[in-house]
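A short write-up of the structure that comes next.
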Amino acid sequence: MVLKVMKRESSKPKSRVYYQNIKAKYVAAAHDASSAGDRISYEYNLQIAEHYSRIISEKFKTVKKRGQKSAHSEESGSC
């Protein structure tokens, strides 16, 4: 018997949309738990959503820095 080695999807770089979709899934789950009165599940799902927010900001911070540079140059120009 020959076993085939399958490539995992994780070898591909993930896009920003991929992480945003996961975050949205956990935000929705937190909202559902909150509506049901399940505070523990609410907090759990919200913490995971926040984790994905940090992943998005870390992995894609070059896009954010460009916006910050232009805002910073406007602030320093007005002084």
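The numbers here are math on the coordinates, done by the rules we state, and not lab data. From a predicted model like this one, the values you see are computed outputs, not experimental measurements. Here the Cβ is made from the backbone with ideal geometry for all residues, glycine too, and neighbour counts use every protein chain on show.
A few points about this structure:
- Note, ³J(HN,Hα) from phi for region 35-43, Karplus 6.51, -1.76, 1.60, rounded to Hz, x at Gly and Pro: 5, 7, x, 8, 5, 5, 5, 4, 4
- Extension gain, Glu50 back to Ser35 (0.36 nm per residue minus Cα-Cα distance, nm): 3.5 nm
- Site pair Phe60 and Ser15 shows an inter-label distance of 1.0 nm when each label is modelled 7 Å from Cα along Cα→Cβ.
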